[in-house]
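The structure appears below as structure tokens.
Computed from the coordinates by the stated procedures, all read-outs in this text should not be read as laboratory data. Everything numeric here is computed off the predicted structure, so don't read it as measured data. Backbone-built Cβ (ideal geometry, glycine too); neighbour counts: all protein chains shown.
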Amino acid sequence: MNPQAKLVFIASLLLGSTITISSNHWIMAWTGLEINTLAILPLISKSHHPRAIEAATKYFLTQAAASALVLFSSMTNAWHTGQWDITQLTHPMSCLILTSAIAMKLGLVPFHFWFPEVLQGSPLTTGLILSTAMKLPPLTLLFMTSHSLNPTLLVILAILSTALGGWMGLNQTQTRKILAFSSISHLGWMAIIITYNPKLTLLNFYLYALMTATVFMTLNSMKVLKLSTLMTAWTKAPSLSAILLLTLLSLAGLPPMTGFLPKWLIIQELTKQDMAPTATIISLLSLLGLFFYLRLAYCATITLPPHTTNHIKQWHINKPTNPLIAILASLSITLLPIAPMILTII
Amino acid sequence: MALAVMLLNGASFHGGCCRPKVLLSSLGPLLSNSKLYSSYRRPGAEPEKKLSWQNADFSFKKAIDHLKTQLSLLKKETQDYLKGPGGHALSQHLLEQTRVLWQFRSQEDLNKWVISSDVEIGGKSKVYIKLGRNNQAALLYGTLNTEVPRDGETQYSGYCSMRSRPAVGSFNRKKYYDWSNFNSLYLRVRGDGRPWMVNIYTDPYFSHQKDDLYTYFMFTRGGPYWEEIQIPFSKFFLSSRGRVQDNQHPVWLDKIRTLGFTIGDKVDGPFQLEIDFIGLLNDRAHKEKFAYEAYDKNTPV
């Protein structure tokens, strides 16, 4: 892409995210969300493939509708309470509408249908931005209004998301769709704890962004778009495939990797809130996610397939792997021992 | 690539582009000043479709039977889902290099395909399909007639085609094929020397792209011997309503709906094609990603 155009889009994304995160007025929050939506559309449809254009159209329609709902909920709250402060969203109907609007923005069930398709239509780096950076502004809005949101609704959305994210990811053969369902599943974990301890939501988000960035960048360096390509990636970057195994298990939430930390803390908080059955249900449902992470790891590392591929793109990597992958991978695997320190700084 | 070659007007299987819209006929008097589509119904086009509520058959027993079939389909789908991608075990998905998609051995195999010709726009070609000798192949035969129907609109005519029925899951949901493991189409055919077009339709979500078709040509030899034709997916080019597009893109194999064969080589006369099977192949020696416009279009000056 033209470097100047890329600069404009990346700068717009940063601008939009910053505006939303730092706003106290609902209109500014909405502005930031809209800027984000518009700025990422060219990044999704960069290749102009009909499927990429379809993905961009779906993204635009859902995000625009969700932004309109955000504005509507803030407007009804302003009508009833006379102010537009984000943290003072007190009218119950506004809270309900806001929750569903943010659920649409994030991709929580039952508003998740756009997410796998959009991720499948976009390139891997844009998929990374969609899964991590684009989730931060809506999450901050939920964070700021978390004291007035309806816990029951959020718990239901969260359990459904974990269930469907796990269940629908089971039979996918395209890696981007698998990562989309993993994102939906993790969003469920983030949503379930937001009314009880919002800081754990943010911790979960940060660690999820770290691990997902590692996985996306690893897949991007090997140009892996489907499982059969993943099988033959070990010949190109053997140590990277080995680290991918550990990163995927971390994403699944297995101790002693980092990914276990947010799940442990969330289960602890839910138990303290006298919601032990809920904690059990959500933990059992994330076992489904473990299945497809293990399947990815199986294809990448655990088995050595009998064939190598002759595609030119797979013959050799054109440019050396980004050293950032090494940093992100080591962080996403080894942060669990410093959990006490992390607890003090979140 | 400014190849705006017009293949055949109406070469797309959506023939009868000017079929009257039902809504328009009910608002006829209101819109008589500006007609969006002509109300002329081509001779071969289907007569006005009965509206879906006029088709309602309030039979409780039939409803229960229908529900039972759909639920059994749903049960089968769930069991296939539990087995693995595509209803097979993961090891099969990862290791397979060939797959037979359609094999013509019985009448029910033939029922999975739909034949059509330019009769739907008023032309005179004929096409038939039957099982070949010893039930070993499908025989698609007929006569191509390029005589243009005289309706003042059509400029070209003369095409016949065979297209697979789109897969339908439980409760009439769309099912797509996932051919991402493979990189070529493999056909065992015995033609008569005439060139055929192979069309892949990836049913898009939005209707703006509903005419998008990925096409390539299959040149048959015509001898008494069977031919095994291998067409890599990297060769398929994008066309829409029969017009080759300027922006070319490779076909994405993860969501394919139908495959079709069309003959429209502007030659009057009989044609014949026997197809033994249609399959997929993962040719490890084929390294090409996409055959068209491999150069960088946006080099900085």
Checklist entry - Given the C-alpha centroids of segment A:191-236 and segment B:214-284, what is the distance between them in whole angstrom? => result 39 Å
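Calculate, for residue B:72 and residue A:324, the FRET efficiency according to 1/(1 + (r/R0)^6) with r their C-beta to C-beta distance and R0 51 Å; round to the nearest 0.05.
Values: r = 52 Å, r/R0 = 1.01.
It comes out at approximately 0.50.
Rg/Rh for segment B:155-199: what does it come to with C-alpha atoms and Rh from Kirkwood?
Working: Rg = 15.4 Å, Rh = 14.5 Å.
Ratio value, two decimals: 1.07.
How much length is gained if the chain between residue B:107 and residue B:230 is pulled fully straight, taking 0.36 nm per residue apart and subtracting their Cα-Cα distance, in nm to one decimal? Display every interim value, and only then the final one.
On the way: separation 123, 0.36 × 123 = 44.28 nm, distance 2.58 nm.
Length gained, residue B:107 through residue B:230: 41.7 nm.
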Next on the checklist: If amide hydrogens are placed 1.01 Å from N in the peptide plane, which non-local residues have theirs closer than 5 Å to the one on residue B:117?
Outcome noted: B:161
Checklist outcome for this item: Neighbour-count ranking for A:346, A:281 (other C-beta within 10 angstrom, fewest to most) reads A:346, A:281
Next on the checklist: Just to verify a number: FRET efficiency for residue A:304 and residue B:49, C-beta to C-beta distance, R0 = 51 Å, to 0.05?
Outcome noted: 0.35
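Return the subset of B:50/B:266; A:105/B:174; A:135/B:75; A:6/A:105; A:223/B:75; B:112/B:235 for which the Cα-Cα distance in this structure is over 30 Å, preserving the input order. Present the calculation step by step, with values, prior to reporting the outcome.
Details: B:50/B:266 35 Å; A:105/B:174 26 Å; A:135/B:75 36 Å; A:6/A:105 24 Å; A:223/B:75 36 Å; B:112/B:235 26 Å.
Those over the limit are B:50/B:266; A:135/B:75; A:223/B:75.
Helix-derived [θ] at 222 nm for the protein assembly as shown: sum -39500 (n - 2.57) over DSSP H runs of at least 4, divide by residue count, nearest 500? Intermediate results must be reported in sequence, preceding the final value.
On the way: 21 runs with 288 residues, N = 647.
Estimated from H runs of four or more residues: -14500 deg cm²/dmol.
Which loop-located chymotrypsin sites (Phe, Trp or Tyr not before Pro) does segment B:80-150 contain, where loop means any DSSP state but H, G, I, E or B and the Cβ has at most 16 other Cβ atoms within 10 Å? Walk me through the intermediate numbers first.
Values: sites: B:81, B:102, B:104, B:113, B:128, B:141; in loops: B:104.
Passing both the DSSP loop test and the Cβ count: no residue.
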Checklist entry - Given springs between every Cα pair under 10 Å in a Gaussian network model of chain A, which of A:174, A:83, A:63 has the largest fluctuation? => result A:83
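Test of understanding: ordering B:276, A:274 by Cβ neighbours within 10 Å, fewest first, what list do you get?
Values: B:276 19, A:274 8.
Arranged by neighbour count, lowest to highest, B:276, A:274 become A:274, B:276.
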Next on the checklist: From the convex hull of the Cα coordinates of segment B:97-281, what is the mean projected area in square nanometres?
Outcome noted: 11.6 nm²
Checklist outcome for this item: Across 10 Å bins beginning at 0, the whole-percent shares of Cα-Cα pair distances in chain A come to 6, 25, 34, 25, 8, 2, 0
Next on the checklist: Once you place label points 7 Å from the Cα toward the Cβ at residue B:60 and residue B:80, how far apart are they in nm?
Outcome noted: 3.4 nm
Item to check | the protein assembly as shown: antiparallel DSSP beta bridges as a percent of all, rounded to 5 | outcome: 100 percent
Item to check | Equivalent-ellipsoid semi-axes of segment B:168-262, from the Cα gyration tensor, Å, largest first | outcome: 25, 17, 13
Item to check | Axial C-alpha extent at least 20 Å, average Kyte-Doolittle at least 1.0 - helices from chain A (DSSP) | outcome: A:3-21, A:26-44, A:92-106, A:151-168, A:238-252, A:276-297
Item to check | Reciprocal mean inverse distance between Cα atoms of segment A:1-124 - Kirkwood radius, Å | outcome: 15.3 Å
Item to check | Length released on extending from residue A:153 to residue A:345, taking residue separation times 0.36 nm less the Cα-Cα span | outcome: 66.2 nm
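So if R0 is 35 Å, what FRET efficiency would residue A:294 and residue A:80 give, r being the distance between their Cβ atoms, rounded to the nearest 0.05?
On the way: r = 49 Å, r/R0 = 1.41.
With a Förster radius of 35 Å, E is 0.10.
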Item to check | Isotropic mean projected area of the C-alpha convex hull, the protein assembly as shown (nm²) | outcome: 35.1 nm²
Item to check | Kirkwood-based Rg to Rh ratio, segment B:224-301, C-alpha trace | outcome: 1.02
Item to check | Burial ordering of B:255, B:266, fewest other beta-carbon atoms within 10 Å first | outcome: B:266, B:255
Next on the checklist: For a distance above 23 Å, tell me the whole-number percent of Cα pairs in segment A:88-208 that qualify.
Outcome noted: 25 percent
Next on the checklist: Which one, B:111, B:135, B:172, has the greatest fluctuation when you compute a Gaussian network model over chain B with C-alpha springs under 10 angstrom?
Outcome noted: B:172
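Given N residues in segment A:150-346, what is Rg(Cα) / (2.2 N^0.38 Å)?
On the way: Rg = 17.3 Å, N = 197, 2.2 N^0.38 = 16.4 Å.
For segment A:150-346, the normalised Cα radius of gyration is 1.06.
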